[in-house]
Amino acid sequence: TSSSSGIATPASTTASSSNIATSDEDEDDEYEITTKTSAHDDSDYDLRGCIGTLAPRSLNYALSEFAITSALHDHRFNPIALHELPLLRVGVSLLVKYEECEHCFDWEVGVHGIIIKFDGTGGTTSGSSMRNNERGYSATYLPEVAHEQRWSQREAVASLVRKAGYRSVIGDELLRSIRCTRYQSSKCRLSYGDYAAKRHGGLDLLKDAGVVTAAAVDEAMRRRARSSKPCVHL
């Protein structure tokens, strides 16, 4: 729920796949789609959806599905409305260069995203945290998150522990118990206006938005039915 750039809706779903799929190869990658909107073309963008997966997925088959999910089914936000379409920008991040960290601060703000995993036994436990210990905890932040929030490494890790659902004291023992993986991302962004200009010669697709939206949703639902891989909020 921060602000910055990029976004996709049902119709701009097509924008995301055409922007990223620069090769005909059906590659498997971990990736994330960020949906953001701007009140004006030259202003900062506000986050409107962000969905991804840490499991390898085929870009050719899953990008439109995740764009639809980001735009309409991120439970932290209201679904993107049709009137927002001209103000949208989509961002697609390919997650690359995974490396195991020596400790939970073995990464660089503005360069790495991190995945943390821990069982919650390192420190004082009570209530819901005690119950959650049976399943363990995990969460991730993309490389730009700590930089955009102006967090130090310690602040980012503490926030990520809370994002994972841990509600007890965050002490040194808990921090030492965290298993951390760092990664980097390769990100592309495309606004709705740029997409329309590149793919449709500047044609106003809103005139046929009902048809475009129905086709995009139908295609995404058919592809989702063939996949059981989970999504994660990033």
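The values are calculated or read from the model by the stated rules, or taken from the named source; none is laboratory data. Quantities reported herein were computed from a predicted structural model and do not represent experimental measurements. Please note: Cβ atoms are built from the backbone with ideal geometry, for glycine as well, and neighbour counts cover all protein chains shown. The area values use the complete protein model at the heavy-atom level, side chains included, leaving out ligands, DNA and RNA. Shrake-Rupley method; radii C 1.70, N 1.55, O 1.52, S 1.80 Å.
Here are the numbers for this structure:
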| read-out | value |
| --- | --- |
| Residues within segment 80-95 that are touching a residue at least 40 places away in the same chain (Cβ under 8 Å) and open to solvent by 50 Å² or more (accessible area, probe 1.4 Å), tallied | 4 |
| The listed residue being of a type in the set (Gly, Ala, Ser), modelled with pLDDT of 85 or more and farther than 23 Å from Arg162 by Cβ, out of Ala62, Ala39, Ala67, Ala55 | Ala67 |
| Matching residues, segment 144-168, being open to solvent by 20 Å² or more (accessible area, probe 1.4 Å) and among the hydroxyl-bearing types (Ser, Thr, Tyr) | Ser152, Ser159 |
| Answer residue from segment 177-199, given it is in a strand (DSSP E or B) and touching a helix residue (DSSP H, G or I) at 6+ places or on another chain (Cβ under 7 Å) and is modelled with the highest pLDDT among those | Gln184 |
| Sole exception among (1) loosely packed, with under 15 Cβ neighbours inside 10 Å; (2) acidic (Asp, Glu); (3) modelled with pLDDT under 65 for Asp44, by number | (3) |
| Residue that is most open to solvent (accessible area, probe 1.4 Å), among those in segment 169-193 that are touching a residue at least 24 places away in the same chain (Cβ under 8 Å), of a type in the set (D, E, K, R) and farther than 24 Å from Leu95 by Cα | Arg176 |
